[in-house]
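Since the structure comes first, as C-alpha cells, the remarks are kept for the end.
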Amino acid sequence: MTQLTIDNKIYACAPEETVLDALLRAEVEMSYACKKGTCHSCMVRSIGDNPPEAAQKGLKDTQKKQNYFLACLCNPEQDMQIRLPEQSELYSQGKVVENSMLNRNTLLLKVRCQDIQEYFAGQFVNLQRADGLTRSYSIANTPQESGILEFHIRALVDGQFSSWLHNDIKIGDTIAISEPQGHCFYIPERADEDLVLIGTGTGLAPLVGILHDALENGHTGSISLFHGSSVLEDLYRVNEMREVAKKHANFSYFPCISGATVPDGFVAGRADAVALENRSEWKKIRLFLCGHPDMVNNMKMEGFLKGVAMDDIYTDAFEIATK
C-alpha cells in the first residue's frame, strides 16, 4: 500500500491500483475521460520524486522534465506527493530591482524572488497586483543565484496591468509571482538537432532565454532566431543578438521588419515568412514560436506540413487580456 499526498491530505493507493482509481475511490474531484492514457485529461504533477516512466507515455519532453504524468497509467512505486491542476496557485513575493525601457514601448522589469529557484527560461508566471489583477508574462532569463526573474512588458492601449507596470511601479516595490508554468523551453537532450526560434514583439523574451539556455548547455546544432516587427522602433536588443552571433558560430540572427521602411542590416518581411524562405530542411528540428497568436498558429501549421514533428513544436501565444 502506497500513500498519495495532495495538499497535506493523504490517500491510500492499493497494490495494482492506479493513482486515478485511488483518487476517484476517495472521491477526489479531478478530470479524466478515456482512462487509457490517450486523452491526457488526468495529467497531474509529481512534486519531488520522478513518477514511473510508464506513466509519462505520450507526454512531451518538457512535460516529463517537470514530472508531469498521467494518473490513469500510474501504478506508484513509492509514496508520492501530487499536485492537481485544479489546485489554487501558490504565490511568492518578489521585489522590483530594475525597471528600464528596452525600446519606446517595452519595459525591462527585473524582480528578485528567492522563493522561485526551479524554472526554465521560456516558461511564464502570473504577476499579481495587490487588488488581485493578474497577467501572464514569460521569463526571459535562465535561473540565477540572485533569484532575479526578467520580463519584457509591452505597453498596451488601455492595458490596466501594463500601464501600472510602466507608469507606477518603482524599484523596491513588491509584486506577487506565481509558480512557473508552461512547456516552451529548451531540453539539453538531442543537442545536435537544429533549433528554429521565431518571435514577434515581446515574443523575443522567452526566445532570448531559450537561446542562452541552449548555448550555456553546449548545444551543437544550428540555432536560428527570427525576430519581427512592423517598424524598426519596435525591435529591441538587436545589437546584443548580433554580438551573440559573433561569439557563437552556430547561431544566426535575423531582425525582420514587415513595414515599408527597412534599413540596411535588417531583413524585409514577417519573421515567419523570412524563416520559411531561409530554411529548406524542416525535419528533425525543434521549432519555438512566441508572440502574436496568428503568427504562432499559422507557423505551427506550416512547420507541421513541412515535416516538423508536432511534439517538437513549442508555442507561447501572447493572448491579450480584455479585462
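The values are calculated or read from the model by the stated rules, or taken from the named source; none is laboratory data. As the structure is a prediction and not an experimental result, all values here were calculated from the model. Reconstructed Cβ throughout: ideal geometry from the backbone, glycine too, with neighbour counts over all protein chains shown.
In table form, for the structure just shown:
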| read-out | value |
| --- | --- |
| Segment 168-211, subset out of contact with any helix residue (DSSP H, G or I) (no Cβ under 8 Å at 6 or more places or on another chain) and charged (D, E, K, R), residue surrounded by the fewest Cβ atoms within 10 Å (Cβ to Cβ) | Lys170 |
| Selected residue (only one of Ile285, Ile257 is within 20 Å of Asp213 (Cβ to Cβ), surrounded by 17 or more Cβ atoms within 10 Å (Cβ to Cβ) and modelled with pLDDT of 95 or more) | Ile285 |
| Filter result for Gln3 (in contact (Cβ under 8 Å) with a residue 40 or more places away in the chain, within 28 Å of Phe124 (Cα to Cα) and either in contact with a strand residue (DSSP E or B) (Cβ under 8 Å, 6 or more places away or on another chain) or buried (at least 17 other Cβ atoms within 10 Å of the Cβ) (or both)) | no |
| Failed criterion for Arg286 (all others in (1) within 22 Å of Ile313 (Cα to Cα); (2) part of a helix (DSSP H, G or I); (3) of a type in the set (Lys, Arg) hold) | (2) |
| Test: residue in segment 57-71 that is in contact with a Leu (Cβ under 9 Å, 6 or more places away or on another chain), under 27 Å from Ala317 (Cβ atoms) and of a type in the set (S, T, N, Q) | no |
| Tyr137 being under 17 Å from Ser163 (Cβ atoms) and in contact with a Leu (Cβ under 9 Å, 6 or more places away or on another chain) | yes |
| Ala275 in contact with a strand residue (DSSP E or B) (Cβ under 7 Å, 6 or more places away or on another chain), part of a loop (DSSP other than H, G, I, E, B) and either surrounded by 15 or more Cβ atoms within 10 Å (Cβ to Cβ) or modelled with pLDDT under 95 (or both) | no |
| Residue within segment 94-105 that is without any contact (Cβ under 8 Å) to a residue 40 or more places away in the chain and either of a type in the set (Val, Ile, Thr) or touching a Lys or Arg at 6+ places or on another chain (Cβ under 7 Å) (or both) present | no |
| Within segment 138-159, tally of residues that are within 18 Å of Asp213 (Cα to Cα) and in a strand (DSSP E or B) | 6 |
| Residue match in segment 104-111 (condition: surrounded by fewer than 17 Cβ atoms within 10 Å (Cβ to Cβ) and either β-branched (Val, Ile, Thr) or touching a strand residue (DSSP E or B) at 6+ places or on another chain (Cβ under 6 Å) (or both)) | no |
| Filter result (among the aliphatic types (A, V, I, L, M) and surrounded by 19 or more Cβ atoms within 10 Å (Cβ to Cβ)) within segment 288-323 | Leu289, Met295, Val296, Met299, Val308, Ile313 |
| Within segment 68-92, considering residues that are surrounded by fewer than 20 Cβ atoms within 10 Å (Cβ to Cβ) and under 18 Å from Ser41 (Cβ atoms), the one modelled with the lowest pLDDT | Gln87 |
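Residues are listed down the side, and each one gets a yes or a no for (1) surrounded by 13 or more Cβ atoms within 10 Å (Cβ to Cβ); (2) in the same structural domain as Ser280 (by TED's automatic domain parsing); (3) in contact with a strand residue (DSSP E or B) (Cβ under 7 Å, 6 or more places away or on another chain); (4) not in a helix (DSSP H, G or I):
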{"residue": "Ser162", "(1), (2), (3), (4)": "yes, no, yes, no"}
{"residue": "Leu165", "(1), (2), (3), (4)": "yes, no, yes, no"}
{"residue": "Asp213", "(1), (2), (3), (4)": "yes, yes, no, no"}
{"residue": "Gly228", "(1), (2), (3), (4)": "yes, yes, yes, yes"}
